[in-house]
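*Asks:* First the structure, then my questions, so here it is.
The values are calculated or read from the model by the stated rules, or taken from the named source; none is laboratory data. Not measured: the values here are computed from a predicted model. Cβ sites come from the backbone with ideal geometry, for glycine too, and all protein chains shown count toward neighbours. Please note that ligands, DNA and RNA were not included when accessible areas were found on the heavy atoms of the full protein model with its side chains. Shrake-Rupley method; radii C 1.70, N 1.55, O 1.52, S 1.80 Å.
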Amino acid sequence: MGKSTLFNRLTATRRSIVTNEPGITRDRIYGTCTWEGRTFEVVDTGGIVPEDKAGIPGEILRQARVAIDNASRVVIIVDGRVGPTPLDQEIVQLMRRAGKPPIIAVNKVDTPKQAVEFASQFYELGDEVFPISAEHGFGVDVLLDALTDRMPKGEPAPAVSYVNLAIIGRPNVGKSTLLNQLVGEERSIVSEVAGTTRDAVDTVVEHNGISYRFLDTAGIRRKGKTKLIAEKLSVIMARQHLERADIALLVADAELGITSHDATIASYAEQSGRSVIIVLNKWDLALKAAKEKAADQNKSSAKVANVSGNKLLQDYEPLVRARLKFLSYAPIVFLSAKTGENVDRLYKIIDRVVEARRRRVSTGELNRWLAKVDLTRGTSPASREVKIFYITQATTAPPTFVLFTNQLKPLHFSYQRFLENQLREEFDFIGTPIRFTQRLKKRGTRQRERPDRTEKKKNFHKPRR
């Protein structure tokens, strides 16, 4: 029909996935539109089929009802080339029963001649009919005038600073369930069918005076496993939305453990410079499975009682670290999104990671730290021992440091890892990657030394020849 195309045009974004394949949008997608000094919120919903109330179509209808109940105006997109259908009439009746007489936007109208021809068919559905082309923009200005004619003009709302968090992971690991638990309402559709979420769902949450924007992304599948165009696009857009985030919540299934696919997804976050928190979901199921396994092996209730959550944590965390060695700095949270266990603890860790990501260390403090670090402990080339003359922090988010060294080539990654570990130990850069930029010494130049003052005095009295 073109709902997502119109949404993207109104919000001047590419938030919603647009393809020729029907049924792409499922959750509520929110955006902001500004027109003639008036700013308002726009919500893109999934295609509504009132009679189909089972499974995902039923969840789409429920999500759409939430958007309708909260909306000031409702716009129904219809296909001008097809004409009115029984489903269009049913949706219009549904809106009227909800007390929201809809505006009819007749899409796929590209010329004034088509506007007259196509729009006239839809006056049986309502009095407010507007021919538009969501793709090319024809008639959208007239539609916006009608939508905003009752809205007062005002000063734009002041910009709000958000902590942006992308919830990423494999399909069906509980990302949408975690979002709903963090928000406190059913914001995303939750289903046992893998790949339910396709668009990234933005949700703003206020917690202890801080504004968090959560992006629930589609499950990132392996390339060979994505067959439908919608699935391929959702994976691409999930990686794009990761770039909008400050922190990636990497959700994995604690019952299954960390897989190679989890590690691949984690590498996307690390390479993009996002801070990372590892979230092991379904911890209640993992603990239950461990107790059942102990019962089968020992056939003794006394042995089963020894399988506690703390003991399992001690055994489990090293396994996670071994599979995700490149994320040694990322904190791990074990929780159950379904029951809410330990979800509150996640907010505390997010705040620590945000603080570390934005931390700036003064140049003086860095060089005092450098003076007391034993640089010979790091692996360095035998031909030229590494000397760092000076260090300063260039940027934050992620923290990036500039090194002035005696090296002709970039430092080996193992030596950079040594410096990184030392910095983390001193300044608590939890959860955030650290980047280094090196100022190399030019070949053939020598380090200038200050002349000795006593030698200078001797030379001063020496007669010229």
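*Asks:* If the chain between GLU41 and GLU128 were fully stretched, how many nm would it gain, using 0.36 nm times the residue separation less the Cα-Cα distance?
*Replies:* Additional length available on full extension: 29.3 nm.
*Asks:* How much FRET efficiency would the formula 1/(1 + (r/R0)^6) give for ALA322 and GLU117, where r is the Cβ-Cβ distance and R0 is 60 Å, rounded to 0.05?
*Replies:* Approximately 0.35, to the nearest 0.05.
*Asks:* Could you compute the net charge surrounding ALA146? Neighbours are other residues with a C-beta less than 14 Å from the C-beta of ALA146; K and R count +1, D and E count -1.
*Replies:* The answer is -3.
*Asks:* Starting from the exponent 0.38 and prefactor 2.2 Å, build the expected Rg for the stretch 317-368 from its residue count and divide its actual Cα Rg by it.
*Replies:* Normalised by 2.2 N^0.38 Å, the Cα Rg of the stretch 317-368 equals 1.56.
*Asks:* Continuing with this model, one more query. Using the basic label-point model (7 angstrom from Cα toward the beta carbon), what is the VAL204 to ARG360 distance in nanometres?
*Replies:* 2.6
*Asks:* With labels modelled as points extended 7 Å from the Cα through the Cβ direction, what inter-label distance (nm, one decimal) is found for LEU313 paired with TYR347?
*Replies:* Computed distance between label sites LEU313 and TYR347 equals 1.9 nm.
*Asks:* Among the listed pairs LYS3/LYS348; LYS348/LYS372; LYS282/LYS325; LYS108/LYS175; LYS175/LYS291; LYS288/LYS348, give every one whose C-alpha distance is greater than 29 Å.
*Replies:* LYS3/LYS348; LYS348/LYS372; LYS108/LYS175, as the Cα separations exceed 29 Å there.
*Asks:* With θ set to phi - 60° and the Karplus curve 6.51 cos²θ - 1.76 cosθ + 1.60, what are the ³J(HN,Hα) couplings of the stretch 110-120 in order, to the nearest whole Hz, using x for Gly and Pro?
*Replies:* The phi angles translate into 10, 9, x, 5, 5, 4, 5, 5, 7, 5, 4 Hz.
*Asks:* Using the Kirkwood formula on the Cα atoms of the stretch 77-125, what hydrodynamic radius do you get, in angstrom to one decimal?
*Replies:* With all distinct Cα pairs of the stretch 77-125 included, I get 11.2 Å.
*Asks:* With every protein chain kept in the model, how would you rank THR203, THR111 by accessible area, 1.4 Å probe, largest at the top?
*Replies:* Most to least solvent-accessible, the answer reads THR111, THR203.
*Asks:* If I model a spin label at LYS387 and LEU87 as a point 7 Å from the Cα along the Cα→Cβ vector, what separation in nanometres do I get?
*Replies:* 7.5
*Asks:* Let me ask you something else. May I ask you to compute the full-extension gain from SER272 to LYS153, defined as 0.36 nm times their residue separation minus their alpha-carbon distance, rounded to one decimal in nm?
*Replies:* Stretched fully, the SER272-LYS153 segment lengthens by 38.8 nm.
*Asks:* How much length would be gained if the chain were fully extended between ALA98 and ALA397, taking 0.36 nm per residue of separation minus their Cα-Cα distance, in nm to one decimal?
*Replies:* 103.0 nm
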